[in-house]
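Worksheet: one structure, shown below.
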Amino acid sequence: MPGIIRSIMIGLVLALLALAIFGPISNMILWAFTEQWYFPAKLPQSYGFSFWERVFRPQGNAMVSLLNSVVIAGMTVLVSLAFAIPAGLALGRGRLPYRVVFLLLFLLPQAFPSLAVHMNIARIFYTIGLNGTFLGVVLVHALQGMVFSVWIAAAAFGAVDRELEEAAANMGAGPLRVFFTVTLPLALPGLMASAIFVFLISLDEFTGTYFVGVPDITTMPLLLFTASMEGNYQIASITALLLLVPSVLFMLVIERFLKSDVLAKVGH
């Protein structure tokens, strides 16, 4: 009997977890193909594709916004890695004094409400001409993703076996050759995870894009927000599904490259 009760409890927990994860997604998919759905009906009264046609019209700006989102996310990854690789190498190898303090400093942007942070960034960017530019949006996205890129990069470099580096050095390899042939390839899975997290954060970023990019730069989260505020749940749901495609593709890459033993050393 205790075994049956335990199985029932596990089944209930799994069912609630599935409902929490797939319930909102299922509702979003329903709205994406809904023509009419009025309260108190439990299901849509009619289905169709007319709202899909509206989204894909040239005037809908969806494809341009999706391309902007992907390009900005890719550029954000490059900027983040350009900073995270040297910073992660210094922090992960334990050669930097007060390394824990430096690691905690990268958490500061996350410690404050993002609205306040982005408002002040927008004011600074306005004075130097970065508002309404791709570079400005990329920089504000990179700030949000910095905590992930640096912390994971530090963990990846910290997990590299130093004996392998010493063996390469003993065979005559110089510091640069040791880094590019031993250290960097061994840290690559962690760096890939860092890049993917930053890509996903940038792809879904709204407030930074709103304050720094609008009205010159439009992305999919901006379109989704606009449609939601107008009460057009069909357009919002279709936009969310389109944004989900690159996210799912990169999540599949995460499953392949993300190593639990790398993340286990974050902060150690």
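The values are calculated or read from the model by the stated rules, or taken from the named source; none is laboratory data. Model, not experiment: these values are computed from the prediction. Don't worry about glycine lacking a Cβ; one is built from the backbone with ideal geometry, like all the others, and counts go over all protein chains shown. Heavy atoms of the whole protein, side chains included, go into the accessibility calculation; ligands, DNA and RNA do not. Shrake-Rupley method; radii C 1.70, N 1.55, O 1.52, S 1.80 Å.
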Some residue of the stretch 144-162 being more than 26 Å from the chain's Cα centre (by Cα) and either open to solvent by less than 20 Å² (accessible area, probe 1.4 Å) or more than 27 Å from LEU203 (Cα to Cα) (or both): yes
Top-ranked residue of the stretch 131-149 - restricted to ones that are at pLDDT below 90 and touching a Leu at 6+ places or on another chain (Cβ under 7 Å), ranked as nearest to GLY208 (Cα to Cα): VAL147
Flag for THR183 being among the hydroxyl-bearing types (Ser, Thr, Tyr), open to solvent by less than 30 Å² (accessible area, probe 1.4 Å) and over 23 Å from ASN68 (Cβ atoms): yes
Filter result for the condition that a residue is modelled with pLDDT of 85 or more, in contact with a helix residue (DSSP H, G or I) (Cβ under 9 Å, 6 or more places away or on another chain) and either buried (at least 21 other Cβ atoms within 10 Å of the Cβ) or not in a helix (DSSP H, G or I) (or both), over LEU241, LEU191: LEU191
One residue from MET75, MET63, MET9 being in contact (Cβ under 8 Å) with a residue 24 or more places away in the chain and either in the same structural domain as THR226 (by TED's automatic domain parsing) or farther than 30 Å from TRP151 by Cα (or both): MET75
Whichever residue in the stretch 35-59 is of a type in the set (A, V, I, L, M, F, W, C) and within 21 Å of THR219 (Cα to Cα) and, among such residues, is least open to solvent (accessible area, probe 1.4 Å): VAL55
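Suppose we filter PRO221, PRO189 for residues that are closer than 30 Å to PHE49 by Cβ and within 18 Å of the chain's Cα centre (by Cα); which single one remains?
From the options PRO221, PRO189, the qualifying one is PRO221.
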Residue match in the stretch 211-231 (condition: modelled with pLDDT of 85 or more, crowded, with 23+ Cβ neighbours inside 10 Å and touching a Pro at 6+ places or on another chain (Cβ under 7 Å)): no
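Do you know which residues across the stretch 206-232 are of a type in the set (Val, Ile, Thr) and assigned to a helix (DSSP H, G or I)?
If the condition is that a residue be of a type in the set (Val, Ile, Thr) and assigned to a helix (DSSP H, G or I), then THR207, THR209, VAL212, THR226 are the ones that fit.
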Candidates ALA32, ALA18, ALA82, ALA62, filtered to the one that is within 30 Å of ALA195 (Cα to Cα), surrounded by 10 or more Cβ atoms within 10 Å (Cβ to Cβ) and in contact with a Leu (Cβ under 7 Å, 6 or more places away or on another chain): ALA62
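Among GLY129, GLY92, which is surrounded by 17 or more Cβ atoms within 10 Å (Cβ to Cβ) and of a type in the set (Gly, Ala, Ser)?
Details: GLY129 fails: surrounded by 17 or more Cβ atoms within 10 Å (Cβ to Cβ).
From the options GLY129, GLY92, the qualifying one is GLY92.
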Answer residue from the stretch 166-179, given it is within 20 Å of LEU91 (Cα to Cα) and open to solvent by 30 Å² or more (accessible area, probe 1.4 Å) and is nearest to the chain's Cα centre (by Cα) among those: PHE179
Test: ALA155 is hydrophobic (A, V, I, L, M, F, W, C) and either in a loop (DSSP other than H, G, I, E, B) or modelled with pLDDT under 90 (or both): yes
